[in-house]
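Here the structure comes first, spelled out in structure tokens, and everything after it is commentary.
The values are calculated or read from the model by the stated rules, or taken from the named source; none is laboratory data. Small disclaimer: the values here were computed from a predicted structure and weren't measured. Neighbour counts are summed over all protein chains in view; Cβ atoms, including those assigned to glycine, are modelled from backbone coordinates with ideal geometry.
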Amino acid sequence: MIAVTLAFIDGIAFDPFFRGLLSVLVGVVVLIGGTYLLVATNSGFRSGGLISMAALFGWNFLMGMVWTIYAIGWVGEAETWALVEVNDGELAFAETENVADLGFALQSVDIEAEGVSTDDPDLAQIEAVEFATENSQRFADWRYLASSNPRRGEAVASADVFLTEGLFESTADYVVLSYGAYNIGGKPLLDPEISADDPDKSAWVELFTDAPARILHKLDTTFIHFWHPQELMVIQVQGALDQPTLPGQPPPIPEADPDKSVVSVVMERDRGGPLPALFGGTRVTPALFTIFNGILFAILAWVLHTRDRREEAIRAAVA
């Protein structure tokens, strides 16, 4: 019997669920209970309970505001890319109007031939971004995304899921084109020269040049352009070239087969939540948490205020 009891206690000690549950219960009893005990000894158990609960919900209200602003803590549904269409062949025949404009634009401009002059892949991506930015009208106002752009990486991962569910059996059957990622819409973006981390910049230069620009951009996107317009993403892939794997040799690097058609995956940014154009799904949960705790804090504060007014009236009548 003792061995069974010890085994049960040992299992609880190393189980994450029970350990977390016991930690939370101990924290609630010690922190909240200790605060209530301290306050109740000075103001009575009823007033002490109201003050302690008001302090708790007030703290939760402030914490929820921070969670909502920075989308941290208890967050809601994350933003995703939703499939709009998969175009196999000429992008100019896409059903989405803006995407068709991009298809016509790519027929008249070759970003690799016109905007890239180096064989270094990293420098080539930088030159491609600069060329597309300077000639945005030629690209029908679509933005080119470099291979190092995290937004492109996220979109490619989503496109892999859509492609392997229909046209291809696996990701080894196609190659993402080096110059095949474009997006349009969304909120205004920060200048890449400001958003990029430059080790050559001193702290003073960042403080007096980059910081004001970052603050103005944040104010602009938060208060002026608070509405989230539609954002589209196009990821282009091409079937992989059949390359045999030699015995004892590593698998060859996948290469695009120029004889195969280009497949374009068109996706739309799904921000989630009940009001995605105004409020993303990530911030819905902390916002509701903030509102709930704010209401309870306001109610408790009003009750405390009413009790103080009533006690003042009683003291005045007695005096």
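Do we find that Thr35 is among the hydroxyl-bearing types (Ser, Thr, Tyr), outside any loop (DSSP other than H, G, I, E, B) and modelled with pLDDT of 90 or more in this structure? Spell out how you get there, then give the answer.
On the way: among the hydroxyl-bearing types (Ser, Thr, Tyr): yes; outside any loop (DSSP other than H, G, I, E, B): yes; modelled with pLDDT of 90 or more: no.
No; evaluated as a whole, the condition is false for this residue.
For every residue, the table says whether it meets (1) in contact with a helix residue (DSSP H, G or I) (Cβ under 9 Å, 6 or more places away or on another chain); (2) in a strand (DSSP E or B); (3) surrounded by 14 or more Cβ atoms within 10 Å (Cβ to Cβ).
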{"site": "Pro254", "(1), (2), (3)": "yes, no, yes"}
{"site": "Met267", "(1), (2), (3)": "yes, yes, yes"}
{"site": "Phe279", "(1), (2), (3)": "yes, no, yes"}
{"site": "Asp308", "(1), (2), (3)": "no, no, no"}
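So is Phe18 part of a helix (DSSP H, G or I) and modelled with pLDDT under 80 or not?
Values: part of a helix (DSSP H, G or I): yes; modelled with pLDDT under 80: yes.
Yes.
Taking region 169-181 only, how many residues are surrounded by fewer than 19 Cβ atoms within 10 Å (Cβ to Cβ) and either free of Cβ contacts under 8 Å to residues at least 12 places away in the same chain or under 23 Å from Glu112 (Cα atoms) (or both)? So that I can check it myself, show each step before the final result.
At the first step, the residues of region 169-181 found to be surrounded by fewer than 19 Cβ atoms within 10 Å (Cβ to Cβ) are 169-173, 177-178.
The next check asks that each one be either free of Cβ contacts under 8 Å to residues at least 12 places away in the same chain or under 23 Å from Glu112 (Cα atoms) (or both); those that pass are 169-171, 177-178.
Of the residues in that region, 5 qualify.
Exactly one of these conditions fails for Gly248: (1) assigned by TED's automatic domain parsing to the domain that holds Asp173; (2) over 27 Å from Leu102 (Cα atoms); (3) surrounded by 18 or more Cβ atoms within 10 Å (Cβ to Cβ); (4) not aliphatic (A, V, I, L, M). Give me its number.
(3)
Can you go through Gly153, Gly89 and tell me which one is out of contact with any helix residue (DSSP H, G or I) (no Cβ under 6 Å at 6 or more places or on another chain), more than 27 Å from Leu275 (Cβ to Cβ) and either among the hydroxyl-bearing types (Ser, Thr, Tyr) or touching a residue at least 40 places away in the same chain (Cβ under 8 Å) (or both)? So that I can check it myself, show each step before the final result.
Numbers: Gly153 fails: either among the hydroxyl-bearing types (Ser, Thr, Tyr) or touching a residue at least 40 places away in the same chain (Cβ under 8 Å) (or both).
After applying the criteria, what remains is Gly89.
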